[in-house]
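Here the structure comes first, spelled out in structure tokens, and everything after it is commentary.
The values are calculated or read from the model by the stated rules, or taken from the named source; none is laboratory data. It should be emphasised that the depicted structure is a prediction, and the values quoted were computed from it without experimental measurement. Cβ placement follows ideal geometry from the backbone for every residue including glycine, while neighbour counts extend to all protein chains displayed. These area figures cover heavy atoms from the full protein model, side chains too; ligands, DNA and RNA do not enter into them. Shrake-Rupley method; radii C 1.70, N 1.55, O 1.52, S 1.80 Å.
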Amino acid sequence: MNLINVEKYSMNENDKKDELENIPHKIIAERKPLVIFKTDADIYGRNISEMSNFFDGYVQKMSLAIRESDGLQVITDLPFSDLNLIGEAINKADIIINGNVTLLPDFESLPSDVRSKLKKGVYSVGESKQVDGNMRAVILDENGVRVKDITLKKALNSPANIETMRSIGNQLQMRQIYAKLSDIEEFQTYQIERDRDRDIIVPFLDARSLVLEAATKESETERVQMLKEADGKIRSALNSVYRDIETTSKSFAKRVNIPFLGFGKQINTYMSYISDDLQIATKYVGVRMQILEYLGESKTAKTILQQFNHTMLDFIEKPITRKGLSAATLMQDYFPYNNENVDCWYKFSKEMKPAIESSMKQLELETKDYNNQEIYVVSVEDGNNE
């Protein structure tokens, strides 16, 4: 019989800021080589769109760091009433955040057959009284018979856990933006020009090579040196992407301002460039932040995220036409829609603007309250039937 463990982590508001800032420097000598690129497309491919989103693996790695931290406290009774949260964490094998509760799945112990049956409705999450006076969550089969137990374990307060949760939160935000952009179907195909290859694609491929080569070095000093060089390459590529977004948006605005032009191939090409650049920038920022955090440059990583937030917010609301329309509004007006993606740019702007503004405010004030966040790690173990 399998058990599902859920480990909880509490955050103390009195954690010292200087302790958090020094954490990456304290652990630098103990770290393994940085591994970002894993699939064949990541390692050998040259098409950025075919590479991984680089967020999921990093989030899982950070979740593992919390699960393996010291001082896990077993919870003998359900601390919250919404069992659907646990079911969602197991079913999706993803981090679930609801209010001040965070569930971190133990990705290595969530069997695919259980997730599949939960998703199909064959299994369900319910309650079971194993100890007099205590209720615990369990997974029930189609006959209501308990097949797996869910155990909650709560983590003790730790500055390291707070910093890890901040890294997870940043990557989750990048993943959310990238997912929204990926959902927007592109109908245009175009040849990437030589200067885009030179300024945007090649520097990232160079950075990837440096990261991969750094992982083969035994010397920590040599690894750090190569990662710093890789960071410089991505910095250059990101600046080129940001500039390209601005330049293309202005050209797009001028083009649609020509009377009686209507929809045309050139307009579609501009929109393709803009949409592609936004997705590339999102990936590049995710990779660069991982490199910087590995190097202990957490403050720089926050600056990079803030730059990205401003770029995205400018795209959504900064006027680029005489009538005060933004690039996102023009994309909404001229994008070739069908029944499946109608109003996708309007929906993107409406959903992402408040999330971006919230992130910008939190980064400026450094008030993201992970101290009071309740974090649960969900895992599966063998157990006995009642």
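Among the residues of the stretch 205-228, count how many are open to solvent by 30 Å² or more (accessible area, probe 1.4 Å) and closer than 18 Å to ILE43 by Cβ. Give the steps one after another, and end with the answer.
Initial filter on the stretch 205-228 (open to solvent by 30 Å² or more (accessible area, probe 1.4 Å)): 206, 209, 212-213, 215-222, 225, 228.
Still in the list and also closer than 18 Å to ILE43 by Cβ: 206, 209, 212-213, 215-217.
Of the residues in that region, 7 qualify.
Condition (residue is among the aliphatic types (A, V, I, L, M), in contact with a Pro (Cβ under 8 Å, 6 or more places away or on another chain) and at pLDDT 95 or above) applied to the stretch 226-235: is it met by at least one residue? Write out each step before concluding.
At the first step, the residues of the stretch 226-235 found to be among the aliphatic types (A, V, I, L, M) are 226-227, 230, 234.
After this cut, where a residue has to be in contact with a Pro (Cβ under 8 Å, 6 or more places away or on another chain) as well, the list is 234.
Okay, now just the ones that are also at pLDDT 95 or above, so 234.
Yes, the conditions are met somewhere in the stretch 226-235.
If GLN332 passes every condition in (1) closer than 18 Å to GLU246 by Cβ; (2) crowded, with 18+ Cβ neighbours inside 10 Å; (3) free of Cβ contacts under 8 Å to residues at least 24 places away in the same chain but one, which one does it miss?
Among (1) closer than 18 Å to GLU246 by Cβ; (2) crowded, with 18+ Cβ neighbours inside 10 Å; (3) free of Cβ contacts under 8 Å to residues at least 24 places away in the same chain, the lone unmet condition for GLN332 is (1).
May I ask you to say which residue of SER81, SER63 is open to solvent by less than 40 Å² (accessible area, probe 1.4 Å), among the polar types (S, T, N, Q) and either assigned to a loop (DSSP other than H, G, I, E, B) or at pLDDT 65 or above (or both)? Spell out how you get there, then give the answer.
Details: SER81 fails: open to solvent by less than 40 Å² (accessible area, probe 1.4 Å).
Testing whether each residue is open to solvent by less than 40 Å² (accessible area, probe 1.4 Å), among the polar types (S, T, N, Q) and either assigned to a loop (DSSP other than H, G, I, E, B) or at pLDDT 65 or above (or both) leaves just SER63.
Does THR311 meet the test of being crowded, with 19+ Cβ neighbours inside 10 Å, touching a residue at least 60 places away in the same chain (Cβ under 8 Å), in the same structural domain as GLY57 (by the TED database) and among the β-branched types (Val, Ile, Thr)?
yes
Restricting the first residue to the stretch 287-303 and requiring it to be of a type in the set (A, V, I, L, M), which pairs with a second residue that is outside any helix (DSSP H, G or I) meet a Cβ separation below 8 Å and a spacing of at least six or different chains?
Listed pairs, sorted by first residue: VAL287/ILE36; VAL287/PHE54; ILE291/LEU34; ILE291/ILE36.
Determine which single condition GLN171 fails, assuming it passes every other condition in (1) under 30 Å from GLN307 (Cβ atoms); (2) modelled with pLDDT of 75 or more; (3) out of contact with any Gly (no Cβ under 9 Å at 6 or more places or on another chain).
Exception for GLN171: condition (3).
Inside the stretch 29-46, can you point out the residues that are free of Cβ contacts under 8 Å to residues at least 60 places away in the same chain and open to solvent by less than 70 Å² (accessible area, probe 1.4 Å)? Reasoning before the result, please.
Just the residues of the stretch 29-46 that are free of Cβ contacts under 8 Å to residues at least 60 places away in the same chain, to begin with: 30, 32, 38-41, 44-45.
Scanning the stretch 29-46 gives THR39, ALA41, GLY45.
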